[in-house]
Amino acid sequence: NKPYDPITGRGCMGERVPCRVEGLGEVAVPQSMTADPNFSTVMSREIHDRCRIRHDFEYWCATCVKIKDKVTARIMPFVLNAPQRRVAAMLEDMRLKHRPIRLIMLKARQWGGSTLVQMYMAWMQIVLRRNHNSLICGHLKDTAAVIKGMYSRLLALYPRHLWQEECEPRFAAYEHSRNVSIIAGRGCLVVIGSAESQEAIRGCDIAMAHLTEVAFWRTSERHSPDSLVRSVCGSVALLPDTVVVMESTANGTGNYFHGEWLRARAGLSDKIPVFVPWHEIEIYRCPVDDVWKLWTSLDEYERRLWTHEGLTLEMICWYHRKRKEYSSHALMQAEYPGNDIEAFSSTSLSIFDSAHLDRLRRNCRPPLWRGELEGNA
């Protein structure tokens, strides 16, 4: 319930400093904005907006981006929710430290992870960098096209007074290619591709790559996720403001995405792992009218959400009601995992119940001794 307002800067990420803006009053802006030549402690709204969108991703989202709301289906300003703010803070931390931005994201349902990644890359292309090419690659070409559609809406509804170019904000065709578009006036290419047609992606000159639903990329005799990612990452230099984000919902264990997630969790990958559990998503809450009735209806797993995980009764009430839609708890965990272990184990074809495996896994510990056994015969 922390107050959040991206316009005034209340509750926003990073270090903030106060300044006064005509028509807004006192606002909190990012510390990095104080080094901007146009910054002063008292500013007009126009100068403030043009300056602030270069330093404040959350403000840019709320004032320049329109998205379709998942609940109301209306087109409205893109105000980041709690999980999006957490992930955006990780992206900004890497950017402000002048490190290459590398992230692997395991997603729960319906919190806008793909939207956040695409809008962050759009911010870099529209506001921060010119000639900064990007790639959107999904398991199917239609998946990448849907994500690009959000980008097209962004350009169509972009505020004209904050657009830096003389031409209109739009996508233009590039060399008669169906898969490549250019942002008019910015010189930034946006390439879409799929794991099904990898040849169209190889050799692209890109600085940012959004690899989506990687767990569903299939392996065949001619193609593999490993070779495609290696080809894409080979095109992205290890420089500041370059981006590689690999994201997916879980699709069982033993596949390429699962292996990359385990590498990142062990600190062996260049990517920072991030997982968003269902209970961090703000829409998953239900009011509790009768606390005792709810508590007596919970099973052992749901009570552990209170005693061990520290969830509120409103969260647990939502989970308890939603769970009745599924024929097994494993199916519920596959759609709404509480941790990465649930996400992977519940989507794999396992003989054993995931709850029993999780209980056994809590007692796992390192071996007492490692070595070799050698016989005398």
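Calculate, for Leu268 and Ser327, the FRET efficiency according to 1/(1 + (r/R0)^6) with r their C-beta to C-beta distance and R0 51 Å; round to the nearest 0.05.
Computed FRET efficiency for Leu268 and Ser327 comes out at 0.85.
Would you calculate a helix-derived [θ] at 222 nm for the chain, using -39,500 (n - 2.57) for each DSSP H run of n ≥ 4 and dividing by the full residue count, to the nearest 500?
The helix contribution divided over the chain gives -10000 deg cm²/dmol.
Along the charge dipole of the chain, which of Pro169, Val146, Leu357 sits closest to the positive end, that is, farthest toward it, with unit charges on the beta carbon of Lys, Arg, Asp and Glu (+1, +1, -1, -1)?
Of the listed residues, the answer is Pro169.
Work out, step by step, the length gained on full extension between Ala89 and Tyr174: first 0.36 nm times the residue separation, then minus their alpha carbon distance; give nm to one decimal.
Extra length from Ala89 to Tyr174 when fully extended: 27.3 nm.
Over the chain, what percent of the accessible surface lies on carbon and sulfur atoms, probe 1.4 Å?
Answer for the chain: carbon and sulfur cover 52 percent of the accessible area.
How much accessible area per residue does the chain have, in Å², with a 1.4 Å probe?
Dividing the accessible area of the chain by its residue count gives 52 Å².
At a Förster radius of 30 Å, what calculated FRET efficiency corresponds to the Cβ-Cβ distance of Ile283 and Arg362, to the nearest 0.05?
0.50
Along the charge dipole of the chain, which of Gly252, Phe275, Pro18 sits closest to the positive end, that is, farthest toward it, with unit charges on the beta carbon of Lys, Arg, Asp and Glu (+1, +1, -1, -1)?
Pro18
Asp142 versus Arg303, label points 7 Å from Cα toward the beta carbon: distance in nm?
Distance between the two pseudo-spin positions: 4.6 nm.
May I ask for the net charge around Asn251, where only other residues with Cβ less than 12 Å from the Cβ of Asn251 are counted and Lys, Arg are +1 while Asp, Glu are -1?
Surrounding charge for Asn251 is +1.
For the chain, can you list the cysteines whose C-beta has no other cysteine C-beta under 4.7 Å from it?
Among the cysteines of the chain, those whose Cβ sits 4.7 Å or more from every other are Cys12, Cys19, Cys51, Cys61, Cys64, Cys137, Cys167, Cys188, Cys204, Cys233, Cys364.
Listed here are the pairs Lys68/Lys271; Lys2/Lys324; Lys68/Lys148; which of them are more than 21 Å apart at the Cα?
Where the Cα-Cα span goes over 21 Å, the pairs concerned are Lys68/Lys271; Lys2/Lys324.
Dipole of segment 135-242 (Lys/Arg Cβ +1, Asp/Glu Cβ -1, origin at the Cα centre): which of Val191, Ile206, Val232 lies farthest to the positive side?
The one lying farthest along the dipole's positive direction is Val191.
Amide H to amide H under 5 Å from Leu140: which residues, 5+ apart in sequence or cross-chain, H placed 1.01 Å off N in plane?
Here the answer is Ala195, since their amide H atoms fall under 5 Å of that of Leu140.
Pick out the long, greasy-scoring helices in the chain: whole DSSP H runs spanning 18 Å or more along their own axis by Cα, mean Kyte-Doolittle at least -0.5.
Within the chain the helices that satisfy the rule are 82-96, 141-156.
Between rounded, prolate and oblate, where does the chain land on the alpha carbon gyration tensor, with a ≥ b ≥ c its root eigenvalues, rounded for a/c under 1.5, else prolate if a/b exceeds b/c?
oblate
In Å and from the alpha-carbon atoms only, list the Rg and Dmax of segment 259-377.
Taking only Cα atoms of segment 259-377, I get Rg and Dmax of 18.7, 73 Å.
Quick one: grab the alpha carbon gyration tensor of segment 52-196, order the square roots of its eigenvalues as a ≥ b ≥ c, and give me rounded if a/c is under 1.5, else prolate or oblate depending on whether a/b is larger than b/c.
Taking the square roots of the gyration eigenvalues as a ≥ b ≥ c, segment 52-196 is rounded.
Over the chain, what relative contact order in percent results from Cα pairs under 8 Å that are six or more residues apart?
Dividing the mean separation by the residue count of the chain yields 14 percent.
If I model a spin label at Asn131 and Gln31 as a point 7 Å from the Cα along the Cα→Cβ vector, what separation in nanometres do I get?
So the two model labels end up 3.3 nm from each other.
Distance between Cα centroids, segment 73-98 to segment 4-52: provide it in whole Å.
17 Å
What is the gain in length, in nm to one decimal, between His223 and Met76 on full extension, counting 0.36 nm per residue of separation less the C-alpha to C-alpha distance?
48.9 nm
Highest mean first, how do 270-279, 183-192, 119-128 rank when packing is the count of other Cβ atoms within 10 Å averaged over residues?
119-128, 183-192, 270-279
Through the Karplus equation 6.51 cos²θ - 1.76 cosθ + 1.60, θ set to phi - 60°, convert the phi angles of segment 236-253 into ³J(HN,Hα) values in whole Hz; use x for Gly and Pro.
These are the phi-based 3J(HN,Hα) values: 9, 6, 7, 10, x, 6, 8, 9, 9, 10, 10, 9, 5, 7, 6, 9, x, 9 Hz.
The values are calculated or read from the model by the stated rules, or taken from the named source; none is laboratory data. The structure presented is a predicted model; accordingly, all values stated were derived computationally and were not measured. Every residue, glycine as well, gets a Cβ built from its backbone with ideal geometry; the counts of neighbours run over all protein chains shown. Please note that ligands, DNA and RNA were not included when accessible areas were found on the heavy atoms of the full protein model with its side chains. Shrake-Rupley method; radii C 1.70, N 1.55, O 1.52, S 1.80 Å.
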